[in-house]
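Since every read-out is calculated from the coordinates, none of them should be taken as a lab result. Since we're looking at a predicted model, the values are computed, not measured. Cβ placement follows ideal geometry from the backbone for every residue including glycine, while neighbour counts extend to all protein chains displayed.
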Amino acid sequence: MAHLHFFLKIFKMKNLFRYTILLVFTLCMTSCYYDEIFEPELPEGTVVSFDADIVPIIADSNCANCHNGTQNPDLRPGNEYNSLVPDYVEAGNADNSLFYTKLSNEGHGGVGPNALILIEEWINSGALNN
């Protein structure tokens, strides 16, 4: 009879351990919930320049390593603007611009969210060669 009480005690401890693990796991999984996703924004009135803002993004992302004249668009230094506009950029409409949509949807070339917001603003502001 003593053996039966011993096994029942162990069985209860195992169940308690299992329930504790399940509870901890559930709490950990539900604590990782975020109400909103952070999206960077440009301050009101920010003017994005192709030469000062977009060209450095292309250079820093090493786009010319692949887009070096053998793959369109040709993003080697000095060719960026004429290769992008109008074939890959629809001035005033980032959502219809292949340059923006490819970068934002696929994370192409490791372009981050801060760079994407600059590219989007540049396109939506008319994609000027400034």
Give me the net charge for the shell around Asn96: Cβ to Cβ below 14 angstrom, other residues only, Lys and Arg +1, Asp and Glu -1. -3
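Counting alpha carbon pairs within less than 8 Å and at least 6 residues apart, what relative contact order, in whole percent, applies to region 50-124?
On the way: 74 pairs, mean separation 20.9, N = 75.
Result for region 50-124 is 28 percent.
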Residues other than Val48 with Cβ under 10 Å of its Cβ, Lys/Arg counted +1 and Asp/Glu -1, net out at -3
Here the net charge surrounding Gly126, from other residues whose Cβ is less than 13 Å away from its Cβ (Lys, Arg +1; Asp, Glu -1), is -3
Rough spin-label spacing in nm, given labels placed 7 Å along Cα→Cβ, for Ala64 and Asp87: 1.8 nm
Separation in nanometres of the label points that stand 7 Å from Cα toward Cβ, at Leu42 and His108: 2.0 nm
May I ask you to compute the full-extension gain from Asn79 to Asp95, defined as 0.36 nm times their residue separation minus their alpha-carbon distance, rounded to one decimal in nm? 3.5 nm
